[in-house]
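*Asks:* Provided herewith is a single structure, encoded as structure tokens, for subsequent inquiry.
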Amino acid sequence: MAQKAKVLCMGNAIVDIIARVDDDFLVKHDREKGAMLLVDAETSASIYADMPPAVERSGGSAGNTAAGIASFGGSAGYIGKVHDDQLGTVFRHDIQAAGVVFNTKASDEGKPTATSMILVTPDAQRTMNTHLGACTEITEHDVVEEDVAAAEILYVEGYLWDTPPMKAAVLKAMDMAIKHGTKVSLTLSDSFCVDRFRDEFRDLVENKVDILFANEAEIISLFETETFEEAVAILKPHVRVAALTRSEKGSVLMTRDDYVSVSAFPATVEDTTGAGDLYAAGVLHGLTSACDLETCGKFGSLAAAEVISHLGARSEVSLKKLAEEKLGFQLTETS
């Protein structure tokens, strides 16, 4: 990248195909509500053929976070793999148009750009059926050391643990970050993801991660505790910053010496897709803007409330302007 970013996000580059369905649709296709399920091309095509009219939006967890940081006026870059196909072109256009630096070379052979069939039920829960496609073809060669070194934070989504090449690329990026003093941030992504990689995630949290993002179910699953409070007590000595969301209860942000609770921002819930991604965007932008924990949490809460008020996992308004209007913060755009 010629242009450097304060927060370098790394994840699966996915085009979301979003439709509203009823619970019977999930039963018919044997889907587990609220989960992110990996599917093969045949299953993805079968679900798509049976879906009602849908909306196509560029997505992917870390991509959504990068776009959110840019919407706050922040500096974000992205590492992710698309194919040189129509959907890959759409993804690249969307994320660059959002103000994110994205120069990872597209694949010109092999698997197509990844898609996720997102089924939104009347209770606003989203069930994601993801065909990873070209995402699995990211390699260590896609990680540029000077970009990692130039960033203040490397932010990685846990979903990248689903294939060995993706995991190898992430571990290389993390080692580069540690070498150059770039903080390592990880989101646990999904409680089902934690179930698959619990031991590896715990090792990362204890030895490599500076800033951890998780929701209540994920952190309880990670440490296999009965309560949120027990999980927090185990986590506290291990990371510099933890940002833990609790749905309508708001969120908790903590360091080894501080603990702050932040209320959820009021919202009419239409689709929960991207709530955690945009929350992370607000917190990361706050951290790179030298804000205190409470302010970081308020940015996250505001961004999450905006994205759950409509279909799709990216904000439809300027988060910078929204923060100025709703919270009274004057944000300065960074480069």
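The values are calculated or read from the model by the stated rules, or taken from the named source; none is laboratory data. Nothing here was measured: the structure is a model prediction, and the numbers come from that model. As a convention, Cβ positions derive from the backbone with ideal geometry for all residues, glycine included, and neighbour counts pool all protein chains shown. Ligands, DNA and RNA are stripped out before the accessible areas are found, and what is left, the full protein with its side chains, is counted by its heavy atoms. Shrake-Rupley method; radii C 1.70, N 1.55, O 1.52, S 1.80 Å.
*Asks:* May I ask you to evaluate 6.51 cos²θ - 1.76 cosθ + 1.60, the Karplus curve with θ = phi - 60°, for each residue of the stretch 47-59 and list the ³J(HN,Hα) values in order in whole Hz, giving x for glycine and proline?
*Replies:* Rounded to whole hertz, the list is 5, 4, 5, 9, 6, x, x, 10, 10, 9, 9, 5, x.
*Asks:* Read phi for every residue in the stretch 160-171 and hand back ³J(HN,Hα) as whole Hz from Karplus 6.51 cos²θ - 1.76 cosθ + 1.60, θ = phi - 60°, with x for Gly and Pro.
*Replies:* Residue by residue, the stretch 160-171 yields 5, 7, 6, 9, x, x, 5, 4, 4, 5, 5, 4 Hz.
*Asks:* Of all the accessible heavy-atom surface of the chain, with the other protein chains kept in place and a 1.4 Å probe, what percent is carbon and sulfur?
*Replies:* 48
*Asks:* Okay, moving on. Percent antiparallel among DSSP beta bridges with both residues in the chain, to the nearest 5?
*Replies:* The antiparallel fraction comes to roughly 35 percent.
*Asks:* So, one more: Could you identify which residue out of LEU278, LEU188, LEU37 has the top mean-square fluctuation in a GNM of the chain using Cα springs shorter than 10 Å?
*Replies:* Result for the chain, Cα springs under 10 Å: LEU37 fluctuates most.
*Asks:* How much accessible area per residue does the stretch 252-335 have, in Å², with a 1.4 Å probe?
*Replies:* I get 44 Å² per residue for this part.
*Asks:* For the stretch 206-257, calculate the relative contact order in percent as a whole number, restricting contacts to Cα pairs under 8 Å that are 6 or more residues apart.
*Replies:* 38
*Asks:* Looking at the chain, identify the longest residue range that excludes and avoids all GluC sites (Glu not before Pro) in DSSP loops having at most 12 other Cβ atoms within 10 Å.
*Replies:* By the stated rule (loop sites, at most 12 other Cβ atoms within 10 Å), 110-223.
*Asks:* Can you compute 3J(HN,Hα) from phi for each residue in the stretch 239-254, using the Karplus curve 6.51 cos²θ - 1.76 cosθ + 1.60 with θ = phi - 60°, rounded to whole Hz and x for Gly and Pro?
*Replies:* Residue by residue, the stretch 239-254 yields 10, 6, 9, 10, 10, 10, 8, 9, 6, 5, 7, x, 8, 10, 10, 8 Hz.
*Asks:* So what's the Cα pair-distance distribution over the chain, bin width 10 Å, in %?
*Replies:* 6, 28, 38, 23, 4, 0
*Asks:* Students sometimes get this wrong: rank TYR159, TYR259 by accessible area, probe 1.4 Å, all chains present, largest first.
*Replies:* TYR259, TYR159
*Asks:* Pick from ASP199, ASP257, ASP108: which residue has the top mean-square fluctuation in a GNM of the chain where Cα pairs under 10 Å get a spring?
*Replies:* ASP257
*Asks:* Any idea of the accessible area per residue across the stretch 142-202, 1.4 Å probe, to the nearest Å²?
*Replies:* 35
*Asks:* On the first, second and third principal axes, largest extent first, how far apart are the outermost C-alpha atoms of the stretch 1-136 in Å?
*Replies:* 49, 35, 21
*Asks:* If I model a spin label as a point 7 Å beyond the Cα along the Cα-Cβ vector, how far apart are those points for GLU146 and GLU270 in nm?
*Replies:* 4.3
*Asks:* Scaled to the compact-protein estimate 2.2 N^0.38 Å, what is the alpha-carbon radius of gyration of the stretch 94-215, rounded to two decimal places?
*Replies:* So the Cα radius of gyration is 1.14 times the expected 2.2 N^0.38 Å.
*Asks:* Kirkwood Rh over alpha-carbon pairs of the stretch 181-335, then Stokes-Einstein at 10 °C and 1.306 mPa s: what D in µm² s⁻¹, rounded to an integer?
*Replies:* 101
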